[in-house]
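See structure below.
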Amino acid sequence: MLSHPVILRQQGFTLVELMIAVAVLGILLSVGVPSFKAWLLNTKIRTTAEAMQNGLQLARAEAVRRNERVRFVISGAQAGLCKPTLAPRSKPAQVVKDHQV
């Protein structure tokens, strides 16, 4: 009987392959992280601007509905970004009646 030679298959990765993969991953992260930070900052600014715009629209609608002056109050500035004061979920921003004439 003839015996067939057993062929062993390589399983896993070599140390060189792993080192190359880690180096490529490090390069990609060093390029991507600053862009991601800038994107996060832009998103926060855009969200704040949209919240202010929505609050101003609400103040305008309240002024028209009440037929009197109202004031949109921005409070709670945090880390250089202004955030409008939020009321309960039913009211997206605080609208205060203006007592000054």
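Each reported figure results from applying straightforward, stated rules to the coordinates on display, with no laboratory input. Note that the structure is predicted; figures quoted are calculated from it, not measured. FYI the Cβ positions are ideal-geometry reconstructions off the backbone, even for glycines, and counts take in every protein chain you see.
Taking each residue as 0.36 nm, the span from residue 37 to residue 67 lengthens on full extension beyond its C-alpha to C-alpha distance by 6.3 nm.
Relative intensity of region 11-75 on a log10 scale, I(q)/I(0) at q = 0.11, 0.20 Å⁻¹, equals -0.54, -0.85, per a Debye sum over C-alpha point scatterers of equal strength in the absence of solvent. Using r as the Cβ-Cβ distance of residue 23 and residue 45, and R0 as 35 Å, what FRET efficiency do you calculate, to the nearest 0.05? Here the calculated transfer efficiency is 0.50.
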